[in-house]
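Undergrad: Can you keep this structure in mind? I'll have questions shortly.
What follows draws every value from the coordinates through simple rules; no lab data is involved. Because the structure is predicted, anything quoted here is derived from the model rather than measured. Counting neighbours? That spans all protein chains shown, and the Cβs are built from the backbone with ideal geometry, glycine included.
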Amino acid sequence: MTGTSRRAVLAFAATSAASAGLSGCGFRLRGSQAFSFQRIAILPNPGGAVARELRSSFGAGVRVLAADDELKSTQLVLTLTDEQREKSVVGVNVSGQVREFQLRLRVRLSLRTAQGKAISVDDEIVQRRDISYNESAALAKEAEEVLLYRDMQTDIVQQILRRLAAVQPAQLD
């Protein structure tokens, strides 16, 4: 066997072993969520940015009810009671100029059935991001801040969707 063919065989064996190892550990890409309900109401309507993004995140299997008169036909009612964006100083230099901020996005939520049975009450999801600050790049830092808030919002929506996917059919009765 020549040196080139030996390397090719070893490379093939290493690739095969790596793919077998990944499939054996249970790794798989996250697919779409499966929900145990078909109708949900998200209050308040229209609500903040998290509520709006959450409404658009459901697939074809779940109908998001909007009007108050449709609440009687819903299975779940998700209430987003508080959505707060916070910004606090976490770092300054020796002359007292701000060098770092912490951005926070807080969302409080409650989940109940249409009959009023509480599934979760007053849960809070908080996302935090640190951002450096430089006065000479103030416009760029404002744009970065907007992107970080949008990223936190998407993370919170994904957490809410995972919590909703964990609701069991027995809890809906």
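Undergrad: Net charge near Ile131: determine it from the other residues with C-beta under 11 Å of the C-beta of Ile131, scoring Lys and Arg +1 and Asp and Glu -1.
TA: Result for the neighbourhood of Ile131: 0.
Undergrad: Still on this structure: For a footprinting-style exposure proxy, rank Val94, Val62 by other Cβ within 10 Å, fewest first.
TA: Fewest-to-most Cβ neighbours within 10 Å comes out as Val94, Val62.
Undergrad: Relative to the present Cα-Cα distance, how much length would full extension add between Ala118 and Ala66 at 0.36 nm per residue of separation?
TA: Answer, rounded to one decimal: 16.7 nm.
Undergrad: Moving to a separate point now. Quick check: from the Cα gyration tensor, does the stretch 49-173 come out rounded (a/c under 1.5), prolate or oblate?
TA: Taking the square roots of the gyration eigenvalues as a ≥ b ≥ c, the stretch 49-173 is prolate.
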